[in-house]
Structures are given as C-alpha cells and as structure tokens.
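Asks: My questions will all concern the structure given below.
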Amino acid sequence: QVQLVESGGGLVQSGGSLRLSCAASGSDFSDKNMNWYRQAPGKQRELVAMASSDGTTRYGITGHGDSMKGRFTISRDNAKNTVYLQMNSLKPEDTAIYYCNIHYGLAPRYDYWGQGTQVTVSS
C-alpha cells in the first residue's frame with residue numbers, strides 16, 4: 001500500500017525558513033514526478049513545485065510560479081524515495097497546509113496524497 005508521509009511543518013516568523021520532507025513507501029517512485037501542493041484557508045489547492053524523474057524542477061503552474069521561485073527549492077533523493085521542499089524567506093501568505101503528491105497514468109490514473117503538514121508564517 002502506497003503511503004506518503006510529510007514532516008517538517010511548523011510555526012515560523014516572516015523571513016524564516018523551513019524544510020519539508022515527504023517519504024514515500026509502498027512502491028518505487030524514482031521514475032515518477034513528485035510534487036508539493038499547498039492549500040490556504042478559503043483558497044483552492046495549488047501546485048507549489050514539481051521534481052521530475054530526470055531532475056527537472058518547476059515552481060507553480062506555468063506563469064504563476066514567480067512568488068515561489070528563488071525562495072523555494074524542491075529536491076529529491078530517489079534512493080530514499082523522498083522529496084524535499086526547502087522554503088526560505090517565508091511570508092505570511094505562504095501560510096497553508098502543504099501536501100506531497102505523486103500522480104501518473106491516464107487509465108487507470110494513480111493519484112497519491114500525503115496527510116499534509118501545516119506551515120504557519122507569522123508577521
């Protein structure tokens with residue numbers, strides 16, 4: 001059974017840093033994209049960053065990643081089946097629940113989510 005377990009969230013002051021981790025188990029995801037999403041209160045869930053299997057990274061959906069690029073860094077360790085999100089220069093608007101996600105396939109489609117980790121940035 002596939003499980004994604006996030007850790008590393010917490011309360012931090014504006015300008016601070018946090019490093020989120022997501023450990024995947026139940027399958028080998030070294031050839032799959034691994035993603036971080038977030039959902040702030042009253043807002044839709046949004047893509048934060050993606051790390052593809054070939055090492056390519058992307059921040060936010062196309063054309064809307066400027067607020068994260070340069071402050072957030074996604075990385076992965078395939079040997080550990082783990083993806084990380086280093087977040088620097090945090091702002092109050094980064095406050096959200098951050099979710100790890102792996103999805104692939106069309107029919108059938110596989111879509112796995114972690115339980116989420118709360119990140120709160122105080123001003």
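The values are calculated or read from the model by the stated rules, or taken from the named source; none is laboratory data. Note that this is a predicted model, so its numbers are computed, not measured. In this analysis, Cβ positions are derived from the backbone assuming ideal geometry, glycine residues included, and neighbour counts consider all displayed protein chains. Side chains are part of the model used for accessible areas, which takes the heavy atoms of the whole protein and leaves out ligands, DNA and RNA. Shrake-Rupley method; radii C 1.70, N 1.55, O 1.52, S 1.80 Å.
Asks: Take residue 76 and tell me if it is among the charged types (D, E, K, R), open to solvent by 60 Å² or more (accessible area, probe 1.4 Å), closer than 21 Å to residue 3 by Cα and not in a loop (DSSP other than H, G, I, E, B). Quick ask: steps written out before the conclusion?
Replies: On the way: among the charged types (D, E, K, R): yes; open to solvent by 60 Å² or more (accessible area, probe 1.4 Å): no; closer than 21 Å to residue 3 by Cα: yes; not in a loop (DSSP other than H, G, I, E, B): yes.
No.
To keep it simple, each residue is scored yes or no on (1) more than 17 Å from residue 7 (Cα to Cα); (2) among the aromatic types (Phe, Trp, Tyr).
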site: 50; (1), (2): yes, no
site: 59; (1), (2): yes, yes
site: 71; (1), (2): yes, no
site: 84; (1), (2): no, yes
site: 89; (1), (2): yes, no
site: 96; (1), (2): no, no
site: 113; (1), (2): no, yes
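Asks: Moving on to the next point. Go through region 11-24 residue by residue and tally those that are open to solvent by 50 Å² or more (accessible area, probe 1.4 Å) and closer than 19 Å to residue 75 by Cα.
Replies: Here the count works out to 2.
Asks: Further question: Only residues that are open to solvent by less than 20 Å² (accessible area, probe 1.4 Å) and either touching a Gly at 6+ places or on another chain (Cβ under 7 Å) or without any contact (Cβ under 8 Å) to a residue 24 or more places away in the chain (or both): list them for region 81-116, please.
Replies: Hits for region 81-116 are 90, 98, 100.
Asks: Related question: So is residue 8 closer than 21 Å to residue 91 by Cβ, in contact with a Lys or Arg (Cβ under 7 Å, 6 or more places away or on another chain) and either among the β-branched types (Val, Ile, Thr) or open to solvent by less than 40 Å² (accessible area, probe 1.4 Å) (or both) or not?
Replies: On the way: closer than 21 Å to residue 91 by Cβ: yes; in contact with a Lys or Arg (Cβ under 7 Å, 6 or more places away or on another chain): yes; either among the β-branched types (Val, Ile, Thr) or open to solvent by less than 40 Å² (accessible area, probe 1.4 Å) (or both): yes.
Spelling it out, residue 8 is indeed closer than 21 Å to residue 91 by Cβ, in contact with a Lys or Arg (Cβ under 7 Å, 6 or more places away or on another chain) and either among the β-branched types (Val, Ile, Thr) or open to solvent by less than 40 Å² (accessible area, probe 1.4 Å) (or both).
Asks: Would you mind telling me which numbered condition in (1) of a type in the set (Val, Ile, Thr); (2) surrounded by fewer than 17 Cβ atoms within 10 Å (Cβ to Cβ); (3) under 28 Å from residue 123 (Cα atoms); (4) in contact (Cβ under 8 Å) with a residue 24 or more places away in the chain residue 2 fails?
Replies: (3)
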